[in-house]
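Here the structure comes first, spelled out in C-alpha cells, and everything after it is commentary.
Here, each number is a calculation from the coordinates, and none is a lab measurement. Because the structure is a prediction, the values reported are computed rather than measured. Ideal geometry is used to build each Cβ from the backbone, glycine not excepted, and the neighbour counts take in all protein chains shown.
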Ligand code: MN
Ligand code: MN
C-alpha cells in the first residue's frame, strides 16, 4: 500500500514539462490574487484557445455542436467552460471543479479612519484564517470600486516593485508579556486586523489631516470619493510573487494556492484535451471558503442554468434531458489536501495522509467527526478512477484530512452530488494551508494536471 514518489520516475523531459507548467502556474498566482482576477485571466487564456462566449451564441441564435468550445461567466467571479464531445449530452459530461476564492482580509464598507496621525482601513476577514499569521507582513490591496455611474475602477496597490505596500501591525515583543499568555485564537482578534495605509498629513489641514491626504491621493489616482467605498470589493492579500522554494527549487510558495493550484491545473488539462467523446467541463467557482453561498458560489443555479442553455443551443433541451445529463455526469471535485507535516505529526494518521511528491491526492471522503458533511464517493467510482489513473501511469495517493476527531473540512463535492452524479474529492497537497504563504510540491502539481487530463479523456 506504500505509494511511490513521482520524482523517481522522471526523465529530463518530464522535469522540463513540469517546470513549464509551474512557470505558468506562478504567473497565474501572481496575476490572480482575487477571484475576479483569476476569472479575467482564465477568459483571456481560453479565448485564445477558441472558446466562445455563450451569451454571444445565444444572442446570435447560433447552434452548438460537437467540437465547439463555449464558456459563461457569472458576475466576473465564476466561470463554466465546455468542450463539446461527440456523444449525446444525455449520457453525461466529465466535470473538473475547483474554487478561485482564497482566505484574505476584506475591507469594510465604511473603512477609512484616522487615529494618532495614522490612517487605517477597517476590515472583516474572509474564510478561515489564523489571524496572528497576517500581521507584520507586506500586504497588497486588490479589487474593484464601482461608482454610481456603473464604471468599475480596478485597484492593485503593492505588487509592482516600485509600489508601496500596506500592513497590519503587531505589538513589540518587549511589551507582549500579557499578549503572549493569550491563546492563539485571541492573540490577534478580528477587529485588530486594521490596515495601516498612511501617516503623512495634508498640508494646511488640522483635523484628520492624514485621512484627508489619503482621500486626496485616491481622488487624484483613481477618481474615487470616500463614499465610493460603499460599493467596493477591496481585498487585502500578501504582497509579492510566488517563489520556488527549497534550495532544490522542488516546491512553490505562494498566496492563494488553495485552491488556485487545482483551478490552474484543471484549466490547463481542459485546454490540452481535445476531441473527446464525452463533453468536458471545467468549473472555477467563487465563495467556497465561506460555504459556497451566493450567486457566484457552487450552490447557485448558475451551472445548471448554463448547462440548460447549452443543451437548448444543441436543439435538445427538455427538463428530462438536462436531468439525465447531470445524473449521468462524473466529477472530480478538486480542492487542496492537507500535506503531512513532520513538525505536526500528531495531527495526522500516517497511513492515510497525503505526502509531498506522491502525486495527485484522492479523498474518498472529507467532513469532520464521523464524516459529517462529506460527499463520500462510491467505491465503484473510486475503482473506475483508480483504473483511469493506473492506465495512464499517473502517480496518485489517497488521504483524509488529518486524524479522526482532530478536525476536518468541506468542499463543493456534496453540492454536485445532489444531482445524483458520481463525485470524488481530489487535488494537490498543501503545507501551511490558509496561511498567507502556502507551499506545494512541483511534482504533485504536474501529476495532478496529468490526472485531470486522463480523467477528461477516459472517464
Ligand atoms: Mn479549498
Ligand atoms: Mn480552503
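List 331, 81, 360 from most exposed to least, where exposure is judged by having the fewest other Cβ atoms within 10 Å.
Values: 331 29, 81 26, 360 33.
By the 10 Å Cβ count, ascending: 81, 331, 360.
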**Fill in**
If the label point sits 7 Å along Cα→Cβ of residue 53, residues of segment 64-97 with amide N under 19 Å come out as 64, 69-83
**Fill in**
Pseudo-spin-label distance residue 9 to residue 371, built 7 Å along Cα→Cβ, given in nm, is 2.9 nm
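Suppose a student asked you for the relative contact order of segment 260-350, using Cα pairs under 8 Å spaced at least 6 residues apart; what percent would you report?
That works out to 19 percent.
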**Prompt:** In whole Å, how far is the Cα centre of segment 296-328 from that of segment 351-430?
**Reply:** 26 Å
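Over the chain, calculate the relative contact order: mean separation of alpha carbon pairs under 8 Å at least 6 apart, over the residue count, as a percent.
Details: 987 pairs, mean separation 103.7, N = 459.
Here the relative contact order equals 23 percent.
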**Request:** Please work out the Cα convex hull volume for segment 98-159 and give it in Å³ per residue.
**Result:** 145 Å³
**Request:** Indicate the gyration tensor shape class of segment 222-372 (rounded, prolate or oblate), computed on the Cα atoms with a ≥ b ≥ c the square roots of the eigenvalues: a/c under 1.5 is rounded; otherwise a/b larger than b/c is prolate and the rest oblate.
**Result:** oblate
**Item:** Of all DSSP beta bridges in the chain, antiparallel share, percent nearest 5
**Value:** 70 percent
**Asked** Once both axes come from the Cα atoms, what is the angle between helix 257-272 and the longest principal axis of the chain, in degrees from 0 to 90, rounded to 10?
**Response** 40 degrees
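What does the extension gain come out to for residue 200 and residue 173, with contour length at 0.36 nm per residue minus their alpha carbon separation?
Difference between extended and current length: 7.1 nm.
Cβ neighbours within 10 Å, averaged per peptide: list 200-207, 431-438 in order, most packed at the top.
The packing order, highest mean first, is 431-438, 200-207.
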**Asked** Using 7 Å Cα-to-Cβ label points, what is the residue 223/residue 386 separation (nm, one decimal)?
**Response** 6.2 nm
**Message:** Please state the shape class of segment 156-281: rounded when a/c is under 1.5, otherwise prolate if a/b exceeds b/c and oblate if not, all from the C-alpha gyration tensor.
**Reply:** oblate
**Fill in**
Distance in nm between residue 320 and residue 418 label points, each 7 Å along Cα→Cβ, equals 2.4 nm
**Message:** Using only Cα atoms and rounding to the nearest 10 degrees, what angle (0 to 90) does helix 379-391 make with the longest principal axis of the chain?
**Reply:** 90 degrees
**Message:** I need the calculated FRET efficiency for the pair residue 31 and residue 347, taking r as the beta carbon distance and R₀ as 30 Å, to the nearest 0.05.
**Reply:** 0.35
**Prompt:** For segment 223-303, what class follows from the C-alpha gyration tensor (a ≥ b ≥ c being the square roots of its eigenvalues): rounded when a/c is under 1.5, otherwise prolate if a/b is larger than b/c, else oblate?
**Reply:** oblate
**Request:** For the chain, build the convex hull from the C-alpha positions and give me its volume per residue in Å³.
**Result:** 163 Å³
